[in-house]
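Here the structure is laid out as structure tokens; the discussion comes afterwards.
The values are calculated or read from the model by the stated rules, or taken from the named source; none is laboratory data. Please read all numbers here as calculations on a predicted model, not as lab measurements. Don't worry about glycine lacking a Cβ; one is built from the backbone with ideal geometry, like all the others, and counts go over all protein chains shown.
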2 protein chains.
Amino acid sequence: MKLQEAQGQFIQAWGSLGSSWGISKSMAQIHALLLASPNGLSTDDIMGRTQLSRGNVNTNVRELINWRLVRKKTVLGERKEFFEAIHDIYSMAQHIMEERKRREMEPVLSLLKDLKKTELEGKDDEVKHFQALIKDLEEFVAQMENLLNLASRINSNSYLKKMIKAIS
Amino acid sequence: MKLQEAQGQFIQAWGSLGSSWGISKSMAQIHALLLASPNGLSTDDIMGRTQLSRGNVNTNVRELINWRLVRKKTVLGERKEFFEAIHDIYSMAQHIMEERKRREMEPVLSLLKDLKKTELEGKDDEVKHFQALIKDLEEFVAQMENLLNLASRINSNSYLKKMIKAIS
DNA sequence: TTAAACTTTCAGAAAATATTGAAAATATAA
DNA sequence: TTATATTTTCAATATTTTCTGAAAGTTTAA
């Protein structure tokens, strides 16, 4: 199989995975293409390989930069900008998790915190149940944050890696 | 604050969290309502509290049942069906992770496996780079699966809970 | 049976989201 | 400067996803 064809399959698959995780298909495809490219690509390169419009590529590349998954790269003697993915999968994952935590978890956490300190009027058992739910969710989120911290440190620590395997 | 109002806020917030995680807003809202309700609700109860149509409620409740987040419940002397959420947050999370793994990760994993065993034609360094990417991703996914196994066993094991906190 | 209560389905409508492409803005070289 | 290359913006459009509601289907009670 030609390399290009294999990359194409990967790009498509990554794109559809992206959409089911709430990331736009284009953004995921561009990310996949850059992951698969060792050397940084220009906007036109990306347009050529993904068949997306200039505007779309521009917007999504900048979004990838916001997420810290991609970096601008200047090439000596070239006027164009080139873009290169962060190729280390663990730091990639860490950036994704941090960004989602910031964008999505924090609003929910702050609601939970507010609800927890509010006095509620209603049937006693229903109020109790609701308060228990809030408390359980907060605790769960805290626990998951510990786990994510752990996850982000796995790569640089092969002892951790082994330990997790052992207790899993 | 009235209990109903607090529940309403929770339902809305959960709904919007849901949509950014690739779950339909209605499904997430219904789930939130059932989590907040100690006693199981009928289709009409859910319609009343969420202002969603009968068809929408029916479809999404059945989807929640597929995900094993909700159970049917019959009440003595009542013809209607009632629906009750699984209230244990850790088993809830486990079901969500399993379902997503099955639906989304598996197709990608099987592509990665295929690509790994394919002979690729192309520039040597580009082929090498792509193969390294595939390998890294596979290894990463395996590592995350270990971590998820760990996560799903945290609740019933407070020793694990403490250990993770300690090493995080 | 029949009728009423309840559940399911699904075509079309609506809403949400993503994408295009051309014009405007900006940067660089000559 | 001026011309040219490159990037950015955003209104219009297209696509995808979700939701509605009424009709069809099913179950239960009498």
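Just a yes or no: is a residue in the range B:17-26 more than 8 Å from DNA strand D (Cβ to nearest atom), crowded, with 18+ Cβ neighbours inside 10 Å and β-branched (Val, Ile, Thr)?
For the range B:17-26, residues more than 8 Å from DNA strand D (Cβ to nearest atom), crowded, with 18+ Cβ neighbours inside 10 Å and β-branched (Val, Ile, Thr): absent.
Applying the selection to the range B:119-139, what residues are surrounded by 14 or more Cβ atoms within 10 Å (Cβ to Cβ) and not in a helix (DSSP H, G or I)? If the condition is that a residue be surrounded by 14 or more Cβ atoms within 10 Å (Cβ to Cβ) and not in a helix (DSSP H, G or I), then B:LEU120, B:GLY122 are the ones that fit.
Of B:ALA166, B:ALA142, B:ALA151, which residue is surrounded by 17 or more Cβ atoms within 10 Å (Cβ to Cβ), out of contact with any strand residue (DSSP E or B) (no Cβ under 6 Å at 6 or more places or on another chain), small (Gly, Ala, Ser) and over 16 Å from A:PHE10 (Cα atoms)? Explain how you work it out, then say what you get.
Numbers: B:ALA166 fails: surrounded by 17 or more Cβ atoms within 10 Å (Cβ to Cβ); B:ALA142 fails: surrounded by 17 or more Cβ atoms within 10 Å (Cβ to Cβ).
After ruling out the rest, the residue left standing is B:ALA151.
Taking the range A:68-92 as the range and being among the charged types (D, E, K, R) and either more than 13 Å from DNA strand C (Cβ to nearest atom) or assigned to a loop (DSSP other than H, G, I, E, B) (or both) as the test, the residues that pass are A:ARG68, A:ARG71, A:LYS73, A:GLU78, A:ARG79, A:LYS80, A:GLU84, A:ASP88.
Restricting attention to the range B:27-57 and to residues that are within 11 Å of DNA strand C (Cβ to nearest atom) and among the hydroxyl-bearing types (Ser, Thr, Tyr), the residue that is farthest from the other protein chains (Cβ to nearest Cβ) turns out to be B:SER53. Could you list, in sequence order, all residues of the range B:110-130 that are over 28 Å from the mean Cα position of the chain (by Cα) and more than 8 Å from chain A (Cβ to nearest Cβ)? Within the range B:110-130, B:LYS116, B:LYS117, B:ASP124, B:LYS128 meet the criteria.
Considering A:ILE65, A:ILE96, which residue is within 16 Å of DNA strand D (Cβ to nearest atom) and in a helix (DSSP H, G or I)?
Values: A:ILE96 fails: within 16 Å of DNA strand D (Cβ to nearest atom).
One residue alone meets the criteria, A:ILE65.
If a residue has to be within 10 Å of DNA strand C (Cβ to nearest atom) and surrounded by fewer than 19 Cβ atoms within 10 Å (Cβ to Cβ) to count, how many in the range B:58-67 make the cut? Total meeting the criteria: 4. Would the range B:11-22 turn up any residue that is at pLDDT below 95 and outside any helix (DSSP H, G or I)? Taking every residue of the range B:11-22 in turn, at least one turns out to be at pLDDT below 95 and outside any helix (DSSP H, G or I). Scanning the range A:91-109 for residues that are surrounded by 13 or more Cβ atoms within 10 Å (Cβ to Cβ), more than 7 Å from every other protein chain (Cβ to nearest Cβ), in contact (Cβ under 8 Å) with a residue 60 or more places away in the chain and out of contact with any Leu (no Cβ under 7 Å at 6 or more places or on another chain) turns up at least one hit.
Mind checking whether some residue in the range A:151-161 is farther than 30 Å from A:ALA28 by Cα, out of contact with any Leu (no Cβ under 9 Å at 6 or more places or on another chain) and in a helix (DSSP H, G or I)? There is at least one residue in the range A:151-161 that is farther than 30 Å from A:ALA28 by Cα, out of contact with any Leu (no Cβ under 9 Å at 6 or more places or on another chain) and in a helix (DSSP H, G or I). Taken over the range A:110-127, the residue count meeting the criterion of being free of Cβ contacts under 8 Å to residues at least 12 places away in the same chain and in contact with a Lys or Arg (Cβ under 8 Å, 6 or more places away or on another chain) is 3.
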